[in-house]
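The values are calculated or read from the model by the stated rules, or taken from the named source; none is laboratory data. Because the structure is a prediction, the values reported are computed rather than measured. Please note: Cβ atoms are built from the backbone with ideal geometry, for glycine as well, and neighbour counts cover all protein chains shown.
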Amino acid sequence: MDQDYFGAILVTVVGQAFTAAGYTLEDLPVKQAGGQYRFTRPLDDGRQATIEFQSLIYTDSEWSSGQPSRFRVTLLRSDGLRRDLSALVVQDFGVNILPSAAHWWTFRTVDDLGKALAEAGHLAVGYGMPWLAGDLTPPPTSG
């Protein structure tokens, strides 16, 4: 599997939902060749929201020791706001659906990749997009 294949599966799994929410995949071939895929959307107040997928594709070469490939999702806004999706969900909202706040989704097969992208996409739509737009804020912390 290579970065182009990751990008094709990414668009297949999350593309329609992201497009329906007003996000478009940036056409950045050099970044995509390095595993970075960015979906952006202008916000009503003039800022821009970005959902960035960063993939690390490992092949069965000797140096990888059979390590699974992985990706993470980062949420960014043009005013400097930045947060990993996993940290937003686990730390900020207290939803322990992921193993940790520093989570990387891992995969070895196309089926694994599809499931991981579906989970990340669901969390991006449910938590990331409304948080970037300012429509959803984490509950206040006690203590």
Next item on the list: Just give me the residues in the range 76-126 being under 15 Å from residue 12 (Cβ atoms) and touching a residue at least 60 places away in the same chain (Cβ under 8 Å), in sequence order.
Entry: 110, 113, 114, 117, 118, 120, 121
Note to self: Tally up the residues in the range 107-143 that are at pLDDT 95 or above and either in contact with a Cys (Cβ under 8 Å, 6 or more places away or on another chain) or of a type in the set (Val, Ile, Thr) (or both), please.
What the structure shows: 1
Check: Out of the range 8-20, which residues are surrounded by fewer than 18 Cβ atoms within 10 Å (Cβ to Cβ) and in contact with a strand residue (DSSP E or B) (Cβ under 8 Å, 6 or more places away or on another chain)?
Finding: 11, 15
Next item on the list: Would you check which residues across the range 32-55 are surrounded by 17 or more Cβ atoms within 10 Å (Cβ to Cβ) and either over 19 Å from residue 83 (Cβ atoms) or of a type in the set (Gly, Ala, Ser) (or both) and list them?
Entry: 32, 35, 49, 55
Check: Can you spot a residue in the range 61-69 that is free of Cβ contacts under 8 Å to residues at least 40 places away in the same chain and under 26 Å from residue 139 (Cα atoms)?
Finding: no
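From the list 2, 44, which residue is within 15 Å of residue 133 (Cβ to Cβ) and either touching a Pro at 6+ places or on another chain (Cβ under 7 Å) or modelled with pLDDT under 95 (or both)? Steps first, answer last, please.
Working: 2 fails: within 15 Å of residue 133 (Cβ to Cβ).
44 is the lone residue from the list that is within 15 Å of residue 133 (Cβ to Cβ) and either touching a Pro at 6+ places or on another chain (Cβ under 7 Å) or modelled with pLDDT under 95 (or both).
Quick check on this structure: which one of 83, 108 is in contact with a helix residue (DSSP H, G or I) (Cβ under 9 Å, 6 or more places away or on another chain) and either of a type in the set (Lys, Arg) or buried (at least 16 other Cβ atoms within 10 Å of the Cβ) (or both)? Before you say what the answer is, go through the steps one by one.
Details: 108 fails: in contact with a helix residue (DSSP H, G or I) (Cβ under 9 Å, 6 or more places away or on another chain).
Unique residue meeting the criteria: 83.
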Item checked: Which numbered condition residue 58 fails, given (1) at pLDDT below 95; (2) more than 23 Å from residue 2 (Cα to Cα); (3) not hydrophobic (A, V, I, L, M, F, W, C) -> (2)
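Does residue 101 satisfy the condition of being touching a strand residue (DSSP E or B) at 6+ places or on another chain (Cβ under 9 Å), of a type outside the set (D, E, K, R), farther than 26 Å from residue 20 by Cα and modelled with pLDDT of 95 or more? Let's see the steps before the verdict.
Values: touching a strand residue (DSSP E or B) at 6+ places or on another chain (Cβ under 9 Å): yes; of a type outside the set (D, E, K, R): yes; farther than 26 Å from residue 20 by Cα: yes; modelled with pLDDT of 95 or more: yes.
It is true that residue 101 is touching a strand residue (DSSP E or B) at 6+ places or on another chain (Cβ under 9 Å), of a type outside the set (D, E, K, R), farther than 26 Å from residue 20 by Cα and modelled with pLDDT of 95 or more.
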Item checked: Of all residues making up the range 1-44, the number that are closer than 15 Å to residue 77 by Cα and out of contact with any Lys or Arg (no Cβ under 9 Å at 6 or more places or on another chain) -> 5
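Residue by residue, here is whether (1) assigned to a loop (DSSP other than H, G, I, E, B); (2) closer than 25 Å to residue 131 by Cβ holds:
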residue: 8; (1), (2): no, no
residue: 22; (1), (2): yes, yes
residue: 37; (1), (2): no, yes
residue: 74; (1), (2): no, yes
residue: 86; (1), (2): no, yes
residue: 98; (1), (2): yes, yes
residue: 101; (1), (2): yes, yes
